[in-house]
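First the structure, in the form of structure tokens, and then the observations on it.
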Amino acid sequence: MEMSNVTRAKAAATAVAVSLGLPVSDAVVLHNSNKLALRLTPCDVFARVAPVGQEVAQFEVELARRLTEIGSPVCPLEPRADPVVYTRDGFAVTLWIYYEPVTPHLSPVDYAQALERLHAGMREAEVPSQRFTGRITEAEDVVADPERSPELADTERVFLSGRLASLRKAIEERGAVEQLLHGEPHPGNVLSTANGPLFIDFETCCRGPVEFDLAHAPEMVCGHYPNLDQGLLDECRQLVLAMVAAWRWELGDEFPNGRLNGEAFLRALHDGPPWPTLDTMNKRLGAQ
């Protein structure tokens, strides 16, 4: 989110909280990408803000409410507010309980067990959702349209388009069991709390094999998740690399250092196996 919109988004979240009788003197930015994550103080509320129409906040709120009711490891909605999406000044605002981080790093065992519990809860709280292939289509549309990805070289456009198509085909031909998934359960979407790991950000929920979710998790986490298909996991890791590469080349992408990320993810695809995890790629890029 551009800085001019960050200021307005912070004001919108603050106004919503104050209208509910929650004391707010500051809105601290915790994360800024397509959606803004804020800590409102002193009421200690976790606010998520996005431009209206660029979010699936109502779906996210309803799913989180259902998952909380059945005891899944998710960040609950703020109990001092109604479980709804608030709109203010063109922004959609949702309010959640804020948890102070208790450790800098999650145990891979705890992470894997929490994700397994989340998947079990999602099977119980089944809601309509697109398949993971819908996200492939979104990436393919970016790659196919030079007006949406003008800086992507033609040779890379052909390469990336072919890789997305071949991976879609390979994964679908496996015929793996599919279920509702988080969509992006990477470390940035897992809170380390006194109550254990809690997942946030369900706007990318989709149906697919659990290996698609695990492709977003660190390598050591996958080693503790039971009954994974390693071949399918490798294909899903390639798919994640390809999709992220596509999105980083989209015109108007607001991800920090997006072009450098796009180039790095393309190199990883060209380099071949062993396929790096999303976590490994982010660490490499953070060290540069």
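The values are calculated or read from the model by the stated rules, or taken from the named source; none is laboratory data. This structure is a prediction, so every number in the text was calculated from the model and none was measured. Using ideal geometry, Cβ is built from the backbone for each residue, glycine included, and neighbour counts are taken over all protein chains shown. Keep in mind that these areas ignore ligands, DNA and RNA; they rest on the heavy atoms of the full protein, side chains included. Shrake-Rupley method; radii C 1.70, N 1.55, O 1.52, S 1.80 Å.
Brief remarks follow.
- Residues of region 237-254 include at least one that is open to solvent by 20 Å² or more (accessible area, probe 1.4 Å), of a type in the set (Lys, Arg), more than 30 Å from residue 68 (Cβ to Cβ) and free of Cβ contacts under 8 Å to residues at least 60 places away in the same chain.
- Matching residues in region 167-196 - criterion: being at pLDDT 95 or above and farther than 19 Å from residue 213 by Cα: none
- Residue among 252, 262 that alone is over 16 Å from the mean Cα position of the chain (by Cα), assigned to a loop (DSSP other than H, G, I, E, B) and under 20 Å from residue 138 (Cβ atoms): 252
- On inspection, residue 246 fails the criterion of being in a loop (DSSP other than H, G, I, E, B), within 27 Å of residue 122 (Cβ to Cβ) and among the small types (Gly, Ala, Ser).
- The sole residue among 135, 123 that is open to solvent by 70 Å² or more (accessible area, probe 1.4 Å), in contact with a strand residue (DSSP E or B) (Cβ under 8 Å, 6 or more places away or on another chain) and not in a loop (DSSP other than H, G, I, E, B) is 123.
- The lone exception for residue 287 - which of (1) at pLDDT 85 or above; (2) open to solvent by 20 Å² or more (accessible area, probe 1.4 Å) it fails: (1)
- Residue count for region 34-49 under the criterion of being surrounded by fewer than 16 Cβ atoms within 10 Å (Cβ to Cβ) and within 20 Å of the chain's Cα centre (by Cα): the result is 1.
- Residue match in region 99-119 (condition: under 28 Å from residue 245 (Cα atoms), modelled with pLDDT of 95 or more and open to solvent by 50 Å² or more (accessible area, probe 1.4 Å)): yes
- Residues satisfying the stated conditions in region 265-278, i.e. open to solvent by less than 30 Å² (accessible area, probe 1.4 Å), assigned to a helix (DSSP H, G or I) and in contact (Cβ under 8 Å) with a residue 60 or more places away in the chain: 266, 269, 278
- Residue match in region 50-69 (condition: charged (D, E, K, R), more than 16 Å from the chain's Cα centre (by Cα) and crowded, with 19+ Cβ neighbours inside 10 Å): no
- Residue list for region 225-236, restricted to those being under 20 Å from the mean Cα position of the chain (by Cα) and open to solvent by less than 10 Å² (accessible area, probe 1.4 Å): 233, 236
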